[in-house]
Amino acid sequence: MSTTNWNGRWFHLRKVLERGGPLAHPDFQASNETLNFLLDNCKILVVGAGGLGCELLKNLALMGFRQIHVIDMDTIDVSNLNRQFLFRHVDVGKPKAEVAANFINERIPLANVTPYYAKIQDYDQDFYSGFHIVVCGLDSIIARRWINGMLISLLTYEEGELDPSRISCQQMYSHADHFVLTAFSFALLCGSIIPLVDGGTEGFKGNVRVILPGMNACIECTLDLFPPQINFPLCTIAHTPRLPEHCIEYARLLQWPKENPFGEEVAIDGDDPNHISWIYEKALQRANEYGILGVTYRLAQGVVKHIIPAVASTNAVVAAACALEVFKLASTCAPKLDNYMVFNDTDGIYTYTYAAERNESCVACSQIPKDLFFHENARLSEVMEHLSTTYQMKSPGVTTTDKQGRNRTLYLPNVSSIEERTRPNLKKTLKELELKDGAQLIVADVTSPNAIEFHLKLHAQMDT
Amino acid sequence: MIKLFSLKQQKKDEVPGRAGNQKKASAAQLRITKDINELNLPKTCQMEFPDPDDLLNFKLIISPDEGFYRGGKFSFSFKVGPGYPHEPPKVKCETQVYHPNIDLEGNVCLNILREDWKPVLTINSIIYGLQYLFLEPNPEDPLNKEAAEVLQTNRRLFETNVQKSMRGGYIGSVFFERCLK
């Protein structure tokens, strides 16, 4: 690993960071400390070490960020090598995060990339709260929603109200862009907002967005913007196939569960060549029956794994825009992207940026958890009573989440089979129900568009 | 500005133990809790939760009180995945039924379960959709082609076949188990 800088390595960064200018953000203060912060302190988490991840790691490390952490649960496949340039043929089968981190650390002087070969869900709030900025290069909506939910869960509120400093943040936020970064830096000072820069590509299309959890539109606010998964009507697949995809779906959805070619309860593994060959052959037979052309092994694999061809140039553009946003957020040197950029290079190059609006009733970010104060010997029925009187709920259902993150139903009045079995809980005390101080209660009721989150504040002694 | 970041840095280094490492419910879990608590079941439908803590896996029992399938009792399994409501739940019919839109493996052809699913739809929408299938079987988009053909060409025979299948018996070479209430 090289441990020295080349001469003038930061020459260009210094031009940006150590002088003001007409395009700099009004709040920006030219200083030589900014560079040191980027180099020594700023901790970035890169989620995903695939097509976007490789580009991001390279961009961020060359830009001067050093405290880079990368998490990816995947191993390298031979089909990745055309665009995931941190990987070589000998690396096939090895964890992406580790190989990518090693490559960057070897190649870029003083880079210090820490890999995690793990699922994002394997880590908790302690882990995620340790970063200044999180940048995602993911191909999964579920994973995006999870990271989004995690960063939102790190927001801190005071006694069920927005932290006073945050209220002023939001007021400023709504007034003028000039104040955005003031507000933002304020919240950073509060320490609970971790910006999320999210990149995504699909063939020749891509997008970049900057999410300040709790302040602008989050992943869940704009869930409808994701292209729906292409699903063919089952009856078309079963009786009137017209496309090669219909034949492959026939083999996958109808023939596989019927014939269980690799044993009962063996699910299709898109990475197992035997499985894909079986699907391919069945699909081909069916295609021949109906005179449909175009069923190939690759298409079969593509349909089974929902593969959308990745384009190296799109990844490069989107990752570059993400890295630039990380740099702007970390240095305040220029106004950030506000807040959603679409990119399309199918035919020429097109970009458009707009401010995606928050969804007032977003399940993830519109929730300001409310506090519920109870004595630990209070019964669940008293909590229910409180919800009906103080919050005017009609027939609230209450669940909580256990240590493993699994749902636990405390009382659900509207489904008779659950009501019967959870009714005994009403008579139990909160202590008997093993609800600890700070426990999260999810309350659903017809009177609100979403399930509402409460935090239980327990005390052992009765206050007067 | 830079000072703010360094302050934040100090904070990050020294306090990893944030207030309570309480696990949070996922957005899918929040949404399904809401869906389940607000179920508005028609009187022909019943829900069964094998595990009251697991709101993601359950059964729906439909006992139609009119139409071809009056008197029958049909069970559907629901599996709600972590992608809900971006992705629809997986629904299978567990009762063997002679029906144009349900095949013998229990696959159901209902548009909102696949191609027309939208995140604004709820579990209740699916329940109404399934109930509608029993009131108005649709021979235009069949999964069970034989049944659909009979329905289209000979309504009386279709009715007889449905009755026969619900009492338990053979339609052609396929045996249907009794599913009368």
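Brief remarks on what is shown
- Looking at chain A, the accessible area is 46 square angstrom per residue; that uses a 1.4 Å probe and ignores ligands, DNA and RNA.
- Taking chain B and dividing mean pair separation by its residue count, relative contact order in percent (alpha carbons under 8 Å, at least six apart): 17
- The accessible area of A:Phe262, taken with all protein chains in place and a 1.4 Å probe, comes to roughly 80 Å².
- The angle separating the long axis of helix B:27-37 from the principal Cα axis of greatest extent in chain B is about 50 degrees.
- The protein assembly as shown - mean residue ellipticity at 222 nm from DSSP helices (-39,500 (n - 2.57) per run, n ≥ 4, rounded to 500): -10000 deg cm²/dmol
- A:Phe374 - accessible surface, heavy atoms, 1.4 Å probe, Å² rounded to 10: 20
- Rh by Kirkwood over Cα pairs, then Stokes-Einstein D for chain A at 0.890 mPa s and 25 °C, µm²/s: 97
- Acute angle (nearest 10 degrees) that the helix B:2-14 long axis makes with the longest principal axis of chain B, alpha-carbon atoms: 70
- 5 Å binning of all Cα-Cα separations within the range A:231-316, expressed as whole percents from 0 upward: 3, 15, 25, 23, 16, 9, 5, 3, 1
- Of A:Lys282/B:Lys90; A:Lys305/B:Lys79; B:Lys34/B:Lys73; B:Lys24/B:Lys59; A:Lys58/A:Lys305, pairs whose Cα-Cα distance is over 22 Å: A:Lys282/B:Lys90; B:Lys34/B:Lys73; B:Lys24/B:Lys59; A:Lys58/A:Lys305
- Residue-level accessible surface for A:Arg421, protein heavy atoms, 1.4 Å, Å²: 110
- 10 Å Cβ neighbours from other chains, averaged over peptide B:35-44: 4
- Total accessible surface hidden between A and B, rounded to 100 Å², 1.4 Å probe: 5900
- Nearest-ten-degree value, helix B:155-167 long axis tilted from longest Cα axis of chain B: 70
- Extents of the range A:392-464, taken as max minus min of Cα coordinates on every principal axis and listed largest first, are 35, 29, 25 Å.
- Enclosed volume per residue, in Å³, of the convex hull spanned by Cα atoms of the range A:361-410: 118
- Ranked from largest to smallest solvent-accessible area, with a 1.4 Å probe on the protein heavy atoms, A:Trp6, B:Trp117 come out as A:Trp6, B:Trp117.
- Protein-only accessible surface at a 1.4 angstrom probe places the residues B:Ile127, A:Ile142 in the order A:Ile142, B:Ile127, largest first.
- Per residue, in Å², the accessible surface of chain B once ligands and nucleic acids are set aside, probe 1.4 Å: 48
- Only the Cβ atoms of Lys and Arg (+1) and of Asp and Glu (-1) were treated as charged; on that basis the dipole of the range A:300-397 about its Cα centre amounts to roughly 120 debye.
- Taking amide H as placed 1.01 Å from N in the peptide plane, the amide H of A:Gly203 sits under 5 Å from that of A:Val311, each at least 5 places away or on another chain.
- Ranked by solvent-accessible area (1.4 Å probe, protein heavy atoms only, all chains present), the residues A:Lys428, B:Lys118, B:Lys43 order from largest to smallest as B:Lys43, B:Lys118, A:Lys428.
- Per residue of peptide B:128-138, the mean number of Cβ atoms on other chains within 10 Å of the residue Cβ is 0.
- Projection of the Cα convex hull of the range A:177-331, averaged over all directions and equal to a quarter of that hull's surface, yields 12.9 nm².
- Other protein chain C-beta atoms within 10 Å of residue C-beta, averaged over A:236-249: 2.
- Annotation: Cα Rg of chain B relative to the compact-globule expectation 2.2 N^0.38 Å equals 1.46.
- Candidate aspartates and glutamates for bridging to A:Lys431, where Cα separation is under 15 Å - those fewer than 8 sequence places away on the same chain excluded: A:Glu376, A:Glu382, A:Asp402
- Carbon and sulfur %, accessible surface of the protein assembly as shown computed with the full protein complex present, 1.4 Å: 51
- Debye intensity ratio I(q)/I(0), log10, the range A:294-431, q values 0.10, 0.12, 0.17, 0.22 Å⁻¹ (C-alpha model): -0.73, -0.82, -1.01, -1.47
The values are calculated or read from the model by the stated rules, or taken from the named source; none is laboratory data. None of these values were measured; they are calculated from a predicted model. Don't worry about glycine lacking a Cβ; one is built from the backbone with ideal geometry, like all the others, and counts go over all protein chains shown. Surface areas here come from the heavy atoms of the whole protein model, side chains and all, with no ligands, DNA or RNA. Shrake-Rupley method; radii C 1.70, N 1.55, O 1.52, S 1.80 Å.
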